[in-house]
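Single-structure report; data block below.
The values are calculated or read from the model by the stated rules, or taken from the named source; none is laboratory data. Keep in mind that what you see is a predicted model, and the values were worked out from it rather than measured. Methodologically, a virtual Cβ is constructed for each residue, glycine included, from the backbone with ideal geometry; neighbour enumeration extends over all protein chains shown. Keep in mind that these areas ignore ligands, DNA and RNA; they rest on the heavy atoms of the full protein, side chains included. Shrake-Rupley method; radii C 1.70, N 1.55, O 1.52, S 1.80 Å.
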Amino acid sequence: MRKIFSLLFLLTACTAFGATYYVANDGNDANDGTTPATAWQSLKQVNTADIQPGDSILFRRGDIWRGVVRPHSGDEQHRVTYGAYGSGTQKPRFYGSVDASSPEAWVEVSPNLWSLKEVKPEYFEKLDVDFHGNWSKHNEAGAKAQISQSEENGELKITLKCEKSGKANNHIQVWGSEMPTTLPETAAFRFKVRASIPFAMPAPTVQANTYPWPAFARASGAVNVTPQWQTVELILSANSDAKMPEKGRCVWHLSLGTMPEGCTLEIVPLEVRRVVIDRSLFLPCDVGNIIFDHGNYKKIHTCGIKKWKLEDVKAPGDYYYDIPSSRVFLCFEGNPGKACESIELALRKTIFDESNCHDITYENLAIAYGAAHGFGGINTARLIIRKCDLYYIGGGHQYTQNGRHVRFGNAIEFWNSCRDNLVEENRIWEIYDAALTNQGKSDDVEKHPSNQINITYRNNLIWNSEYSFEFWNRGGVTENILFENNLCFDAGNVWSHSQRPNPNGTHMMFYNNASDTKNFVIRNNVFCNSTEVCLRMDNDWREGLTLENNTYWQDELPVIRFLVKTYYSKEDWKKYQEETGLDQGSVLKKVEMP
C-alpha cells in the first residue's frame, strides 16, 4: 500500500498557484473573468479559454450550467482546479439535460400523448465538402464486411455488405473522405440511404482516423434504414475543443458492427450545410431519462419509463425518443409542464468529459441529469474528485442486440487506462449503473493496454444506485486499487431498476476480470441491503484481491454470489469466509444510513 499512500500525499499536497477565473450565470464572456464582478458566463468560454497549469476556475454557488465540460489539464507540479465560490450551501450545478418545464414546450398530439415542440433549423450556405475520396472499412472481433464505391450522375455511392455481424457497433467501421477540422456549431448533413434488411444505423461522426480518435462533430440520433431509398437529414454538432493528433486526417466515420448479417447498405452523401437551431429545446441525442420535479413527483413516477416504440407509450410517465425528428413523446394526463414544476430531459452525454485529461482537482460541484456519465473518459491520470454530489445519471441507449436494449451510465467512471486518481468524500445517488467504477478492455494490448493503476475511492456516501462499485478489466494490468471507508446503501433501489434488461442490484459488481491484478483492496466499508446481493464475483481473481473488515447486511436475500452459481446467505457467512478465504475480519451487522 506504500504506493497508494505516497500518491495521496502528492495529490493532496499540490495546490494551485496560477490565475483564478470566476463564472456566473449573470456574467459575460467578454469579461476577463478574473474577479466575481467580471465573471464569465458560459461553459463554451470555460472550455475554450487559455487555461494554464496552476489556474483555478470557480463557479458561483446556486447557479446552473447545461452542457458538456471539457476540462483543461494541469501538469504534475501545477494542477488545474474546478471549484465553487460565493455564499450559501448549494453547490454550483452542472446539468446534462434540456429544461422542458414550460407548458409552452409541449404540444398535445392525441389525447394524453404529448410531444416536445419540434425544433426546426434555419438553413444557410453549403460547405465545401468533397465526398469523393477513398472510403474504407475496418473489421474486428470476428465481424466481416466488404465495401465498394461507385459514381452515377456525379453522385458517390458507398456500398457495404455485411457477411458477419459484430457484437458491438465498433466491430465494423467505415472510414470516409476528408473533412475540415473547423466546422460550424451546427450543420445539416443530407444523404440518401437504403438497406436490404431494415435496421437502426448509428449516426455518423467526423473524427480523426488515428489514436485517440477525437471527434470533431457528432450527428444527432440514428437512422431507421429500410429497403426503400429515403433522404435523411441529420444535425451535426461540432466539438470545438477536439485537437488533431500529430499524424492523421479528419474524416467521416460510421460504426456499423450490429448491422444484420447478409445486409447490404447503400449510402449516397449529398451535402453539408450550415444551420442555426434553437438549442434550448434541441435533443441532439437519445433522451435516457426524464426526471419530474427533481425526483420528487408523487402522482405517477419520479422518472419517465422509456419505451422503444411509440405505440408502447400508453401509461402516464411512458415516453419515447423519436430518432428522425429528435423529439420526445410523453404520455401524461394534461400538459406535463402544468403538472410539474420541473421536467429535465437527460441527454446521452457525459457531463465532464475527461478523456486524456490529467492533473485536475474537482471540488464542491453538483453533477446531475445526464444520460451517459457524470465524470467519464479514457486515459486519465492524477485526477481528484472531492466533495461533489452526483445524482440521476445514466439511462442512455448504448446498443440494441437481438432485441435487447442495453442502456448505460455511471456517476464516476475511469475507462481503460487510468492511473493515480483519487475519489473521496462525494455523495452519489440514483445512478443507472455504477456510482463508482474503473473498467475497460483492449483489443490491442501491445499498443493500447487497459492499465488501471493507483486508484483510490474513500469516504464516499452512496445510495440508491444499481451498483455501488463496479470493476472489470480485460486486456491490461490492474494494480493498487483501494476502496476504503465507503458507506453503501440500498443497491438496486433506484429509478431505473425495473426498466433494465438485467436488473441485478449489487454493491460490488465484479464482472469477468481478465487483467493481471495485484493489490486490489476493499476494506472498512459498509454494504447494506441490495435487490440481489452485496457482492457478485463472476470469475476467480482472489490472488490479487483483499477483502477485509467490511460490514455487510441483507434483510432477507443472499449476501454473496460467488463464481456465478454459488450463493451465501447470512446463515452461510462463516462458510463463505472459510471456503473463499475472503472477508477476514468482516461482519454481518445492520447499519443505518447517516
Overall form of region 115-167 per C-alpha gyration tensor (a/c, 1.5; a/b vs b/c): oblate
Sites matching GluC sites (Glu not before Pro) across region 503-591 that sit in DSSP coil, with at most 16 neighbouring C-beta atoms within 10 Å: Glu556
Added length on full extension, which subtracts the Cα-Cα distance from 0.36 nm per residue, Glu548 to Asp278: 91.8 nm
Cα-Cα over 22 Å, subset of Lys44/Lys447; Lys247/Lys447; Lys192/Lys307; Lys120/Lys192; Lys44/Lys307; Lys298/Lys349: Lys44/Lys447; Lys192/Lys307; Lys44/Lys307; Lys298/Lys349
Taking the C-alpha atoms of region 452-594, convex hull volume expressed per residue in Å³: 105 Å³
P(r), alpha carbons of region 275-395 - 5 Å bins starting at zero, rounded %: 2, 10, 17, 19, 18, 13, 9, 7, 3, 1
Net length gained if the chain between Gln230 and Met244 were fully extended (0.36 nm per residue, minus Cα distance): 1.7 nm
Å² per residue, accessible surface of region 418-460 at 1.4 Å: 33 Å²
Mean Cα-pair separation over length for the chain, i.e. relative contact order, pairs under 8 Å, 6 or more apart, %: 10 percent
Cα-projected label distance for Ser325 with Asn28, points at 7 Å along beta-carbon direction, nm: 4.1 nm
With all protein chains modelled, accessible area of Val526 [1.4 Å, Å²]: 20 Å²
If the convex hull is drawn through the Cα atoms of the chain, its volume per residue in Å³: 162 Å³
Cα-based shape type of region 265-340, given that a ≥ b ≥ c are square roots of the gyration tensor eigenvalues and the cut on a/c is 1.5: prolate
Distance between region 469-530 and region 325-365 - C-alpha centres, whole angstrom: 25 Å
Cβ-Cβ FRET estimate between Tyr511 and Asp443, R0 fixed at 30 Å, reported to 0.05: 0.95
Rounded percent of accessible protein surface that carbon and sulfur make up, region 70-150, 1.4 Å probe: 46 percent
Theoretical ellipticity at 222 nm over the chain - DSSP helices of four or more residues, -39500 (n - 2.57) apiece, nearest 500: -1500 deg cm²/dmol
Restricting region 249-338 to trypsin sites (Lys or Arg not before Pro) in coil, as DSSP defines it, with at most 13 other Cβ within 10 Å: Lys298, Lys299, Lys309, Lys314
Nitroxide proxy distance, nm - points 7 Å out along Cα→Cβ at Glu261 and Glu155: 3.3 nm
Two-site label geometry, Lys298 and Lys144: point separation in nm, points 7 Å out along Cα→Cβ: 6.2 nm
Carbon + sulfur, % of accessible area of region 338-404 - ligands and nucleic acids excluded, 1.4 Å: 37 percent
Whether region 364-425 is rounded, prolate or oblate, judged on the alpha carbon gyration tensor where a/c under 1.5 counts as rounded: oblate
Zone residues, region 240-259, relative to Thr48, backbone N less than 13 Å from point 7 Å out along Cα-to-Cβ: 240-242
Exposed-loop-free span, longest in the chain, where chymotrypsin sites (Phe, Trp or Tyr not before Pro) count as exposed if DSSP calls them loop and at most 13 other C-beta atoms lie within 10 Å: 309-594
Solvent-accessible heavy-atom area per residue, rounded to whole Å², over region 270-340 at 1.4 Å: 42 Å²
Within region 275-375, GluC sites (Glu not before Pro) in DSSP loop having at most 13 other beta-carbon neighbours inside 10 Å: Glu333, Glu341
Angle between the chain longest axis and helix 2-13 axis [Cα atoms, degrees, rounded to 10]: 70 degrees
Intensity falloff of region 362-504 expressed as log10 I(q)/I(0), Debye formula with alpha-carbon point scatterers, at q = 0.13 Å⁻¹: -0.54
